[in-house]
Structure formats: C-alpha cells, structure tokens
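As structure tokens, the structure follows; a few thoughts come after it.
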Ligand SMILES: [Zn+2]
C-alpha cells in the first residue's frame, strides 16, 4: 500500500517529462525553421533558448503539478501494476541547429573567370546530423574486413560512396561550384593486387554521376595517392602504380567523363638519381600505361623532389600536361618564374585540347620550417598574381568547399548561400592539431602533405574534427559588416 503513492508520482513525473520534451521540440522547430526571421533578434533567441533550458527544471515541476491534478482522470490504479513500457522512456531531445557567426571577408578584385574546385569532401554534408545522414564518398575499411565481411560488403561501401557523390554534385551545382576532385577512396581496395575488383557492378550508378556532371558542366578529376610511383626502380611498385591509375581511369571512363577528367600524379621519389628516375617515368608512361590511362595522365610539381622546371621537359616531350601548384612552387621553386612555367604548361594543355588547371593552397599562419609550411591552411586568402583568367583552380585547403565559398565572397565570383557558410577556425595554428598523435592521424597528415587533401573515413571510425559551434553564446546567424560587429548575447 505504501508503494502506491510513490509509483503514482513516478508515473506522473514521466508524463510530465514527455510533455515537456514535446513542448521543447515544438519550441525548437518554431525558432529554427518555421520562423527564421526570429533569429534576427536577441530577445527571441534568448527567450527560446531560455524556454528550452527551463524545460527540464522549472517547467518540469509545473507539468508535474499539472499531471498530479489530472491523475485521477488520466491514470487508473490498474496502470500502476504495469511497469512503464520501454517505448515510453524519455526520448533524447534533438539538439537545436547550431548557430554560426560568419565574419565578413576582405573584398578584393579580380578578372578571373575560371572555376574554383575542392577536393573530395564537403564539410557541410559530411557533418550533417544525425550521423546517419552524413554525406561523403570515402567510406573505406581495413584489409581484414574483406576476409571478415566478404567482398560484397566492401563493394557496397563503394556503391554508397557513389550515391553520395550524386548528392555532392547537386550540392555543388546549387552553390555554383563546378569543379570537384573525386575521392580516390570511392571503391576500397579496387586496385589491390589480390582483392582488387572491377567497377562493372556499379556501372549504371557511375554513369548517372557522369550524366549529372556533364549536364551541369562540372569538371571531375582525380589525384591518385603518393604511392603512385611511376619512376620506382622496383617493378612491383610500378605495377602497383599502374593498377592504381587503371582504377582511377576506369572510374572516370565509366562515368563518361571527357578528356578534362584528368588524373594528377607527382614525379614521386628521386631514388638518388633524378635523371634516371625521370627516364623510368618516361618509360612507364610510353611503354607500360594503356592508352586510355595515358590520355588522362597529368603531372604536378611537388614541394620536395620535382619542381615544375624538372618536369616540364618530360611533359613537353610526351605531351603530358603539367598542373602547376603555386604552394609547391613557393617551397620548391624553379629558376624560371611562374608566369613562364604557366605559359609553357598551358601550351601543352592547348595542344591536347584539355582545359588547363592549377592547384592553390597556402601555408598555415605562422609556419616557418619547411615541414610546417608544407601543411595546407584552412583557407586561401588571395588568388595568385600570375593566375590566368581562364583556368580551373583546385583549392587544396582543409576547409574544402568553405574555402571555395570564402574566395567567392572575397572576389565576388558567384552568389553565396549564407546558410551554407561556416566560420573559419579562429585557432588555426602552424601545428597539425594532434593529427600526428596516432597512426591514423599520421597517415592522414601524410596524404595532406602530399597534396591530396582528401580525408578518408574508415567505416565505424570517428568522424573528422567537429567544427566549433556557438554553444554557450548565442550569436546572430547573419553576415556582419565586420568581425567586430558580430552581435553576441550571453544566455543567462
Ligand atoms: Zn597540388
């Protein structure tokens, strides 16, 4: 008998809690979606947030009172003999949409009319919540997962990656971005010596990607990783490089991507003799690569081994275009100026009928040593002086599509949807943010250092670093005329 009143109280408390959850969800929906104009006043934000915050405490007690007053009607004594069903347990309250403060950018002028692109990953789509809605194209796995789960499971990761690529292309079109580097991780282990597979099983889906990209006039390119060593003295390494290129080529061929769909590789190692290695690269290109692979191949100057001057004679001789990377050239300069390199590089592109492309990135602020300066900054703060007007420029920056939108705003290149903007990380340092603290981080950093700024994702692993959100401070989600005008109000 004594237990009954206690049970009644627990049941009433549960009903009250459920009601308060419903009310809280309603309040969030109104604030964030139904009436976006509410965001423009602090008082409304404050009020709504305050409502949410008070839900768990003061409103809970008032709802408990409310429930107590009604319990005679609502709750029969029979109910107390049953423990509450699992489905009646309090559900997790969905987090409200984060509110970002977007600082203004410095306005600059340019005559540039080309496309700006980004590599492999879209941070807005990747960070979608809940995690099940995250969109990305680099689902991969460890080698032992093939034995554990079977090849079909691995292939299914590839299919999901391609499905998400379609979403990414549509997002890009909606945001005036018409140039994208396709992730090399699209099909995990497809180029593996033992476990490799062809992409026939995904042919219709890949064709759909190409149709969409071609319809919108998007350029899709690839950048096989640093293991693609065409000049290695070890035949097995060259064979592996050729498999890698064949895989990337099959990907582009099956999409029906035209000749602008190039595959960019670096010269690779020098193996103690740059001249002899360049000869081996030449031999691989002319004697080993199948024609369709060779037709998509372009070389890029790197920051350590081969500068543009090293590669240009080979590129000119073989009619293999040279992609000029401004950042690499600043770290590993040629004796000829960028303007002269670009002129020579562009004439190869012109002879081949391929739209020229270049790479742009900047070192992180405060970087001094060569190793520090190799790491890419989150965004680029200016277009290069020597940039030709009609050029596709791949922005190799950690903030991916945000770095492109940043330049769009700075140079007024295209209209920008402000709801898709995210703030730059104020704490950008020359450090690599602990990426070197573990094995996976070191591998990721290695790929960044090699100009392939893709972030691959081993399935079930934690997502990339979260963007800093306005949490305790509520800030207007409008672009301010200057950083100092960002209006903030501390929530009580
Ligand atoms: Zn590059």
On the formula 1/(1 + (r/R0)^6), with r taken between the Cβ atoms of residue 389 and residue 167 and R0 of 45 Å, the FRET efficiency rounded to 0.05 is 0.90
Note to self: C-alpha centroids of region 308-374 and region 185-255 sit apart, in Å, by 23 Å
Here, residue 131 and residue 215, labelled 7 Å along Cα→Cβ, have an inter-label distance in nm of 3.3 nm
Going from the fewest other Cβ atoms within 10 Å to the most, one would list 419, 361 as 419, 361
In nanometres, the difference between 0.36 nm per residue of separation and the alpha-carbon distance of residue 174 and residue 193 is 2.9 nm
Mean Cβ-within-10 Å packing, highest first, puts peptides 252-260, 94-102, 134-142 in the order 134-142, 252-260, 94-102
To the nearest 0.05, the calculated FRET efficiency linking residue 271 and residue 97 through their beta-carbon distance, R0 being 60 Å, is 0.70
Label model pair residue 426, residue 317: point-to-point distance (7 angstrom along the Cα→beta-carbon line) in nm is 5.5 nm
Most exposed to least, judged by fewest other Cβ atoms within 10 Å, 167, 123 sort to 167, 123
Quick note on 418, 176, 376, ordering by fewest other C-beta atoms within 10 Å, gives 418, 176, 376
Stretched fully, the stretch from residue 90 through residue 372 gains (0.36 nm per residue minus C-alpha distance, one decimal, in nm) 96.6 nm
In terms of the alpha carbon gyration tensor, root eigenvalues a ≥ b ≥ c, rounded if a/c is under 1.5 and otherwise prolate when a/b exceeds b/c or oblate, region 116-458 is rounded
Zone reached by a paramagnetic label modelled 7 Å from residue 259 Cα along Cα→Cβ, restricted to region 294-311 with backbone N below 15 Å, covers 294-298
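Every read-out reported here was derived from the displayed coordinates using simple, explicitly stated rules and does not represent laboratory data. Predicted model, so just to flag it, every value in this text is computed and none were measured. When we count neighbours, we look across all protein chains shown, and the Cβ atoms used for this are built from the backbone with ideal geometry, even at glycine.
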